[in-house]
Structures are given as C-alpha cells and as structure tokens.
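The values are calculated or read from the model by the stated rules, or taken from the named source; none is laboratory data. Remember, it's a predicted structure, so these values are computed and weren't measured experimentally. A quick note on method: Cβ atoms are made from the backbone with ideal geometry, for glycine too, and the neighbour counts reach across all protein chains shown. Please note that ligands, DNA and RNA were not included when accessible areas were found on the heavy atoms of the full protein model with its side chains. Shrake-Rupley method; radii C 1.70, N 1.55, O 1.52, S 1.80 Å.
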Amino acid sequence: MAENSILCSVSSLILSIFILFCCLFGHCNSVEQLGGYDTFTISSFKYPETQIRPFDMRYIRVDLPPWFSSMSIALKSSVNLDIKSAEKVPKSVLPMICFRDGSLPLPDVSSTSLEVALSNRSLDGKQVLQNMEQCYPVPRNMTMKLTNEQISARVLYFGLFNGVGPTRTQSKMIVRNRAYSFAANISVEGCTTPTMQGQYCNQTIELLSCARSGNSSGNGSVSGFFNQSMVLCRNNFETSCHGDGEMKIYSFEILRITESLTISVQNLRLRPLDSIGNSSRIYLMCFARYGAMPLATLHDYSGDLNQSPLVIRFPKVGQWYVSILAFHLAKEIGGALSNVSKVCYSLEVQELECPLGKAGPNCSSERYMLQTVLRKYSTPFESYYLPDGGDVISDAANFHLGPLLSNYSVGGLDTWTYFLLDVPRGAAGGNLHVRLTSDRKMNYEIYARNGGLPSLINWDYYYVNKTSSSGDSVFFVLYNSSDEKVDFYILYVKEGIWNIALRHLNSTGDISDGQTTMSISLERCPKRCSYHGACKSALDASGLTSYRNHGGFDCSIEIVSHQGHLWQSIALIASNAAAVLPAFWALRQKAFAEWVVYTVSGISSGLYHACDVGTWCVLSFGVLQFMDFWLSFMAVVSTFIYLTTIDEVFKRAIHTAVAILTALMAITKATRSSNIILVMGIGAFGLLVGWLIEFSTKYRSLSCSMDLCLNRLERWPRREWLQNLVNTVMKRFRWGFVLAGFIALAMAAISWNLESSQSYWIWHSVWHVAIYSSSFFFLCSKVITINSGNRTPTDANYQLTQQDSLSQGA
C-alpha cells in the first residue's frame, strides 16, 4: 500500500514522540471522564449454550455500522486447555476460534497462522487487531471490547471450530472425538448524534460539505485523455481553529470510484500571530483512515499538510476520516516560548472521478460493470458475471476480451482494463473463480481489490505469472496455470464491490491477436470439490455422510491412497461374511425368523459399506444406513430372545416391540455409543421376560388347586427349590460357548470404543466379525431341554411341553 511518510529528520523524531504523548494523554482524559454519554444499543445478541461436535463449526456475524462506538464480546466455553496443553493437542481435534473481516474465516488453508497463534500466551483485543485473519485455541473465558478507534465499520465474522485441517472437510462415517459447548454475548453500542463519535461518543466529528465542481481536463498535450469530474469537500474556516497539540477530526464519504483523493489546507494562519510570524514552522499533521477514526498510532495514510498535500491514489468507496494535529515546532526544540494559541486553516478535499465507463490514470482505461447471472439448479448465490449485454459462449460463463480491452496506453507500455462486480450480502463463504484462456502465450497481469481500483501498488490479490502471484496469501489458490491459461480462486471472498484489473503488457502491437476468453464466477466449492466429493454445507439428518478418501477445503488432499482405499473397502465389506455363522446355525435349528434377521443384516451391512466407501450404492445412502443399524440392533436382540423357550406367540409379540424400539434408535442418532448399552439392555430384558413367561406358563400348566399348590410349596424346602433352579439353568446352556460368546461380545465393545476417524475401517471390521461370532457362540450355547415328567423332548426353539398335573398326582 502506498503511504506518504513523515520526514526523516531529528525534528521528525521529536514530532513522533510528541504526537504519541498527546494521544496517550488525550486517551487518559477520555477514560477518566466516564458517564453521561449519549449512546444506545444498536444490537445485542445472546448465543445460547451450543454444542460443537467433532469437525463441526459455528459462524457468528456482527455488523458494525458507521455510527457504532464499541463492540463487546463475552464468551464462555467448556474447553479447559492452557497454552502448554494446547501445543500438545493435535490440530485435528483442537478447539479453535478464528476472526476475519468481511467474510468467513477458513482455518484449514493456513498452518502458519495456527503456529503463530499457539505461540501467544493469551487472547485479547490487541492480538485480534494485529492478526485479524488468525486462529487461536478456544479459551475457557474471554472478554473483549473493541472501539471505533480500534476497528473500522465493517462486517466481522467469528468462527468456532472443533478440529481443523484437511480431515475436517473429509466425509466420515463415524466420529468419536469429543464435543465442546460455548455460549456468547455480543453487543454493539452506537452514538445517537452523527457528529459525536468515539468509544464514549465524546469526540466531535465535523462533516465536510461536498459539491461537484465541474470537469477537470487531462494534460492537453496528450491526446486521448478524458474529462474528469471533481468533487470538492470543504470545512467552515471559522470553526477550523484549534490549539497547539489539539486534534480535530473530519469526515466525508466517497460515493463513486475515484482516481485520486487529495487532502490539502488553505489560508493557514496563527491566532494571535507568532512572535516570529513564520507559519512554515507549524507542523500540521494529517492522518487519514478508511472506515474508522484515525489516530497517530493507527491510520492508513499520513503526511504534513504544511509541507505538501496528502495524495491517496485509488481510494476505497465509503466513509473516510481525517484527523488534523497541529503544533509549533519552536515550542518543542528549546526555543523561546511562542504566544501561539490557535492554528486556523481551511481544509480542502478533492475527489477526482472519471466519467462513466472510464477508470485508471487520467481516466484513459475502459471500465465495465459486470452483470450477475445466477446459475440454474445450484446452491444459493452461485453465479457468474458477464459484461452487460455480453453473449454466453455455449453454456459456459466465458466472454471474449478482445472487444473489451482498452486501446490506449501511457507511453506505449501497457493498458489497463477494469471489471467491477458485486458479491452480495450473504454470499460470504463463496469463492471467486477467475480464469483466462488463450490460444497463444498471454501477456496479461491480473490485480483484484475490494472496494477500490487496483494498481501496481494497491491490490488485495494479484497474478503476474506462475512464480509471481499472491501465493503467500492463504485465501489465494492457483490451479493449473500456464503461459496459455490462468486459473485461480479467491477463497471465501469478502462481500461488496470487487474490482478486477487486467494489465496488458506491450500493447503497442495488435491487442486483438489471439483469441482470449475470460470467465469470472462465484462458486460454493472450489474446483467443484476437485471431482472427489460433493459440495455440502451441512451433514445429513443422521449426522453422517459418505466416506471418502480426500479432504481439504477443495477435496484435493489425498488422505487415503488408492491402495489403502482398496484395502479399506475389502475389509469393511468382506468382514460382514461373518454373518454366515449365526445364519447357518439358526437355519440348522429351524429358527427361520433368526435366520432371516442374520442373513439380511449381513447383506445390508455389506451393501451399506459398499456405498459408504464409494464403490456402489444400490439404494440411497440414508436407506442403506438405516437398514444396517436397524438390522444390527435386531440381530443382537434376536440372539437373546432365541435363548428362551417360550411359545412362538410370545416371541412374535416381543419381536414386534423390539422392532419398533430399534427402528426408533436407528433413525435417531444411530452412531452414539450409548446405543450399544441400550441394545444389550433391551436384549437382556427380552430374555428376562421370556424366562418369566416360561416360568409362569410351566407352573400354571400344573392345574392344581390353590390348596394343593400351597401344600406342595410348604413341603418343598427353599434350599431344594433354589438348587433345582440352579441345576435347570446349568443344564440349559453349554457354558463353554457362553464364555466364548461373552469374550467375542467384549471384543466387539472394545473395537466399537476404539473407533476413530483414522482407524475406523480397522476396528469396525473387527466389530463385524466379533458381533456375529458372539451371536454364533450364544446360539450354540443353547441345549435341548427335556421335561422330567413325561420324558418327552421339548421344542428347543419355541415351545415348552405342558404337563398334566392331575396325571402327575395320580
């Protein structure tokens, strides 16, 4: 950025020290004089306690209008990490908070910002001001207050992330990392009077009166220059007097694209006159700043107006503030004390504007306002830009540059052509895609800037060639560029008017040589996710998405190699073959209901994981996912019910109730770990209910009278009854298989608990084998129960042989 610097001399050093002392002294006075200021609450927003799941994020937008005075932020979270602990936590699971001006923060593209942030010992407003596009570990408690002397009127975004890096945007089947919660209060205070600003609305702002003063012609000796219009802003001479060391602040607004802004003073005089009578010894320091009040320590441009005007090339459109600080040098360098009490002057601001359709030096370049064309069947705000009335080449968003290029160059060196486009409010998070293609080597340089015209010294992003561009910026990504092609993205582009300038080099030749086309578009996902993923802003209803082997903000980072992806696919799909074991045993025992459950469960799980790894989706992902979890839950519970020997009528009733419960579990948060405990509990409860039904049915079938039953119970010793019960249970199961079943079940629970985003495919494959093996062992543990009364074998699967109590009595 271009800035006018203060003169490098001994007097400059004294001047800087004096300015700093005056600002600090003035700030202390303003803080001490609290209370009674005319402020009001512009907005107050309370963010309730919200949980951020692993790899999830939340964005908060704060609008700061020009009349705001201060912004307060209070944040409280459940994170309990000090800076030493945060350095040891992997970034993929580290809770982070990021700040950015004008658009959403994107922490995944920058590792340097995270390293710098982790080196800081605390997070405060000063750090945020110095590193507006950096991220920090989420603190447990944070309180911050920023004033309009520290930040300009803008749109601020806060992003809270639970883990950053390439894997954050990788679609995952399951996530086991920890979540954290946060709550925030954000309030914005404003000044009720437009002419009073500052943190406490106690700083007077004088609004300059502006009027158009006619046309200003360029250098008449050079043909081709266009007439320029002038907007002149002045203050009231009588009120522009202030004491030695006193600062006065002015404000004005630039409404149109401006070539240059010149700040100067006229009629500089002293009141009363200096004993020396020399006004040239007065330092009239000017500090200019876009969007906020300038200070001696915080400004965009500065200069001594008593020496020369302050010229700002290609200023941004919007509100500007100018502060004037005057003092007499003789009073500071040890000379005789002067009797200067006030410095008076007339402040003049000249805005040099170009006619419509023209821009650049001397308004000699062409300027086009591009028209926004929304894409069909796309996400909101996806669009491309064309010159007004331009033709679309086939279905693409390209337009020819030849007819649009400027045909005039200064000194025959180069020409500039400007394109203006609007990124609408709410489009934050979109990516601006700029592409040039030609059938021969191109001689173009590209410069982009938000809010003002770009130039060789004023730009936000630029591209000269493959080795010279804004590659150091984390929000600039270059793709597949060559001598005949330029292709880059501006990530998470800021809202507002963007100016894209083409600098055509060596334009003394025929600029129409070669066919060069240009396209500018606003896209949600860079490079269409590199054809490795789908553009999604949120997860599906179940909290899961397809498992893929790429990650990063544009899905271009290969997280899993092709060979690794092949092994993962084989493991996750083939491990479901373990369902053959319980299905075979159920079929052998003619337990057809259980056979259907095990068989369909294994098939649906294999189909689900085939879709999950991106091999083949026979049905939609959501349907396959529901079938997999639901039938898995049913298989576990069916194993417990099989171990009972109740009548099939009761089994059908229990199966129906269990099917309803497990379906509800599978449709709502199927992957939560507590579901394992719930399914085991439901199965154990079903087993207990089956035994109770069996017990009640057996003793009801004795059909004895109440007196006879009571007499038998009285004659039957309790110890003998308990011993018979234990013997019955011991004879009901093969306990070696029961032990093997519990070991396999424990292995399944351990593998479920060990699953993570990186090791999911290993442990989930182990889960398949272990859970089906445990079902097989439990099925094998059941033995045929023989009734001791009539020695008739019972149906080992569904029925108990009823006994005739009267025949027993006989």
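Separation of the alpha carbons by more than 29 angstrom is noted, of K46/K316; K91/K669; K91/K485; K669/K731; K441/K527, for K46/K316; K91/K485; K669/K731. Once the chain from K731 to T262 is taken as fully extended at 0.36 nm per residue, the excess over their C-alpha distance is 158.7 nm.
Between N407 and K376, the FRET efficiency from the beta-carbon distance, with R0 = 45 Å, is close to 0.80.
Remark: the range 649-661, residue by residue, has Karplus-estimated 3J(HN,Hα) of 4, 5, 5, 4, 5, 5, 4, 5, 5, 5, 4, 5, 5 Hz, where x stands for each Gly or Pro and the curve is 6.51 cos²θ - 1.76 cosθ + 1.60 at θ = phi - 60°.
Surface listing: I667, I500 arranged by accessible area from highest to lowest gives I667, I500, probe 1.4 Å.
Take each peptide in 153-160, 765-772, count the other Cβ atoms within 10 Å of every residue, and average; sorted highest first, the result is 765-772, 153-160. Each residue, K342 and L566, gets one label point 7 Å from its Cα in the Cβ direction; the gap between the two is 8.8 nm. Surface calculation, 1.4 Å probe, protein heavy atoms: L270 sits at approximately 10 Å² accessible. You can think of it this way: the chain between H242 and L678 has 149.2 nm of extra reach, that is 0.36 nm per residue less the Cα-Cα gap. Take the Cβ-Cβ distance between W616 and V738 as r, set R0 to 60 Å, and report the resulting FRET efficiency rounded to the nearest 0.05. Using R0 = 60 Å, I get an efficiency of 0.95. With the whole protein complex present, Y47 retains an accessible surface near 40 Å², based on a 1.4 Å probe. Placing pseudo-labels 7 Å out from each Cα toward the beta carbon at S43 and F685 gives an inter-label distance of 4.7 nm. Label-to-label distance for S78 and T50 is 1.6 nm, based on points extended 7 Å past Cα in the beta-carbon direction.
On the basis of the beta-carbon distance and an R0 of 35 Å, N465 and M369 show a calculated FRET efficiency of 0.80. Full extension of the chain between L255 and N185 yields a length gain of 21.8 nm, computed as 0.36 nm times the residue separation minus the alpha carbon distance.
A simple count of charges around Q197, restricted to other residues whose Cβ falls under 12 Å of its Cβ and scoring Lys, Arg +1 and Asp, Glu -1, yields -4.
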